[in-house]
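The values are calculated or read from the model by the stated rules, or taken from the named source; none is laboratory data. Worth saying up front: this structure is predicted, and the values here are computed from it rather than measured. A quick note on method: Cβ atoms are made from the backbone with ideal geometry, for glycine too, and the neighbour counts reach across all protein chains shown. These accessible areas exclude ligands, DNA and RNA; they are computed on the full protein's heavy atoms, side chains included. Shrake-Rupley method; radii C 1.70, N 1.55, O 1.52, S 1.80 Å.
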Amino acid sequence: MNIDTKVLHSYPVVDPNTGAASIPKYQSSTFHQKAFPEKQPYTYTRFGNPTIEAAEQAVASLENGKYGVAFSSGMAAITASLLLLSAGDHLVLGENIYGGTFQLLSELLSRFEVTYTFVDERDPSAWEKAIQVNTKMFYLETPSNPLLTVTNIQEVCQIAKAHQLLTVCDNTFMTPYYQQPLALGADIVVHSATKFLGGHSDLVMGFAVTNVAELCEKLYKNQKIIGSIPGIEEAWLLLRGVKTLTVRMKQASANALTIAQKLLTLSNVKAVHYPGLEQHPDHFQHFQQATSGGAVLSFELTSKSQVQKLFQQVKIPIVAVSLGGVESILSYPWTMSHACMAEEDRLKAGVKPTLVRLSCGIEDAEDLWLDIQQALEGEENEKN
Ligand SMILES: Cc1ncc(COP(=O)(O)O)c(C=O)c1O
């Protein structure tokens, strides 16, 4: 089944109990145990809930995975995955990474004697060289946030397999519509479903998907013990949002390519980071493993005052933390997604004070471009 059809039909979309065309919000913390002491499928929502389970099956099926585990946020999914490690273990990860993942390692897991090495994620040999006797995991994020660098998923996963290491891959930016890391050798795919999977900037949620029953059991156990389950309302909104994933991604990615190409022509834009551009250094590798450049790009302006002018003058994109909504979202990684990293670490990772990230929405491309162009090039004027 093609994924355009799968988003609507490859998981429970009709309520088995009533035939309702939308899985209801089973808004209940607990379940009456009529046949006590016999076992029943649902007992307590932290251990399982039909609305959450439908969402888990939806995302698992889109990733072509057997098992999906839902979490209260992307960070909760990443935390549950990294908690497959134990004290004394080491992991390798790319130096271009979401700020929250960096913080999880540097401020929390490091206190529990988990050690880590950052490598140039674009160079598979760097991953191999970083392996130590106690290395247990490779953690990938491709394309990365916010510089859109690309990791060769297949090659890095092969290296991991040769050394009996687990691989976890954050697929938030591409979504399963454009990239499927499990098929490329990853053991676990994680998502911030807050972004494109939900798609409407109205929920916070995360997922981990795997084909390995034992990993699924461990992830469920972590989710249950930590209590990082999503809310019922969020699971329902996710189910609603995922049905339009493919049409949203098509329009938003076409917009991103148009905007990226046009930004290249402006004199006050120093660099454009978008893997959909042929000029992007990882363009070829990206299209070996994904079918689109996606809907997110970042670009560097010539000065901080240009950044300020852009944010003050722009009218269509909302200025906000996050990405992946139907509306375009303009962010400033320096003080938003990567603010939790020390200034020195941000600069080392290439997150400069002149860097701007744009998550394209599904607006008309020309309207979006004209707005960005006037904000970058026009006279300063009063914001409406
Ligand atoms: C690539 C990536 N992974 C994970 C996360 C964390 O997701 P959440 O905010 O849902 O916890 C984010 C958030 O921006 C992200 O961009």
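Based on what the data block shows, is ASN64 within 22 Å of ASP187 (Cβ to Cβ) and open to solvent by 40 Å² or more (accessible area, probe 1.4 Å)? Spelling it out, ASN64 is indeed within 22 Å of ASP187 (Cβ to Cβ) and open to solvent by 40 Å² or more (accessible area, probe 1.4 Å). So, GLN312, is that one more than 16 Å from the ligand (Cβ to nearest atom), on the phi < 0 side of the Ramachandran plot, touching a Lys or Arg at 6+ places or on another chain (Cβ under 9 Å) and not in a loop (DSSP other than H, G, I, E, B) or not? Against the criterion (more than 16 Å from the ligand (Cβ to nearest atom), on the phi < 0 side of the Ramachandran plot, touching a Lys or Arg at 6+ places or on another chain (Cβ under 9 Å) and not in a loop (DSSP other than H, G, I, E, B)), GLN312 qualifies. The number of residues in region 328-384 being buried (at least 20 other Cβ atoms within 10 Å of the Cβ), of a type in the set (Phe, Trp, Tyr) and part of a helix (DSSP H, G or I) comes to 0. For region 335-342, the criterion of being modelled with pLDDT under 95 and either farther than 26 Å from LEU105 by Cβ or more than 16 Å from the ligand (Cβ to nearest atom) (or both) is satisfied by at least one residue. Only residues that are assigned to a loop (DSSP other than H, G, I, E, B), open to solvent by 50 Å² or more (accessible area, probe 1.4 Å) and either closer than 21 Å to LEU237 by Cβ or of a type in the set (Asp, Glu) (or both) were counted in region 23-57, giving 6. When you look at LEU166, is it open to solvent by 20 Å² or more (accessible area, probe 1.4 Å) and in contact with a strand residue (DSSP E or B) (Cβ under 6 Å, 6 or more places away or on another chain), yes or no? Yes, satisfied.
Scanning region 16-30 for residues that are in contact with a helix residue (DSSP H, G or I) (Cβ under 8 Å, 6 or more places away or on another chain) and more than 18 Å from ALA60 (Cβ to Cβ) gives SER22, PRO24, LYS25, TYR26, GLN27, SER28, SER29, THR30.
Condition check ((1) within 15 Å of the ligand (Cβ to nearest atom); (2) buried (at least 24 other Cβ atoms within 10 Å of the Cβ); (3) within 13 Å of GLY325 (Cα to Cα); (4) not assigned by TED's automatic domain parsing to the domain that holds GLY185) across all residues:
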| position | (1), (2), (3), (4) |
| --- | --- |
| GLY198 | yes, yes, yes, no |
| SER201 | yes, no, yes, no |
| GLY206 | yes, yes, no, no |
| VAL209 | yes, yes, no, no |
| CYS216 | no, no, no, no |
| LEU219 | no, yes, no, no |
| ILE229 | yes, no, no, no |
| ALA235 | yes, yes, no, no |
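Selection of region 154-180 for residues being within 15 Å of the ligand (Cβ to nearest atom) and in contact (Cβ under 8 Å) with a residue 60 or more places away in the chain yields VAL168, ASP170, ASN171, THR172, PHE173, MET174, THR175, PRO176, TYR178, GLN179.
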